[in-house]
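Single-structure report; data block below.
The values are calculated or read from the model by the stated rules, or taken from the named source; none is laboratory data. None of these values were measured; they are calculated from a predicted model. Neighbour counts run over all protein chains shown; Cβ positions are idealised from the backbone, glycine included.
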Amino acid sequence: MSDALDYVRNNCGMAGEEVADKLDKLEAEIDSLRKCKLILSEEQKERFELRSRDLMKWLCDNCHPHTKIIITSTTADMVEGIIARKTTEYVRG
């Protein structure tokens, strides 16, 4: 993308330079987001495994195999898969 930014910066006047600067900043933000990784301590990993195993066992004992639980920091949703289609055809990189 830097060739395109250089072209805009050099050939589009002041507005082009502003646009190129904004695109530079966006590109840097996107790169930093791509590098973000959640880092867990060994204790956190062990606690996660223990708690998730309990929930998996409960799910197996009480629901059919197409039931899933999706947990966020504010909700726990139990959902049922009706139909699924998996493809990586559109994944880039």
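General observations
- Residue list for segment 41-91, restricted to those being surrounded by fewer than 10 Cβ atoms within 10 Å (Cβ to Cβ) and in contact with a Cys (Cβ under 9 Å, 6 or more places away or on another chain): 80
- Among the criteria (1) out of contact with any strand residue (DSSP E or B) (no Cβ under 7 Å at 6 or more places or on another chain); (2) modelled with pLDDT of 80 or more, the one residue 59 does not fulfil is (1).
- Note on segment 23-74: residues that are within 30 Å of residue 6 (Cβ to Cβ) and not polar (S, T, N, Q) total 13.
- Filtered residues of segment 73-93 (kept if out of contact with any His (no Cβ under 6 Å at 6 or more places or on another chain) and at pLDDT 90 or above): 74, 75, 76, 77, 78, 79, 85, 86, 87, 88, 89, 90
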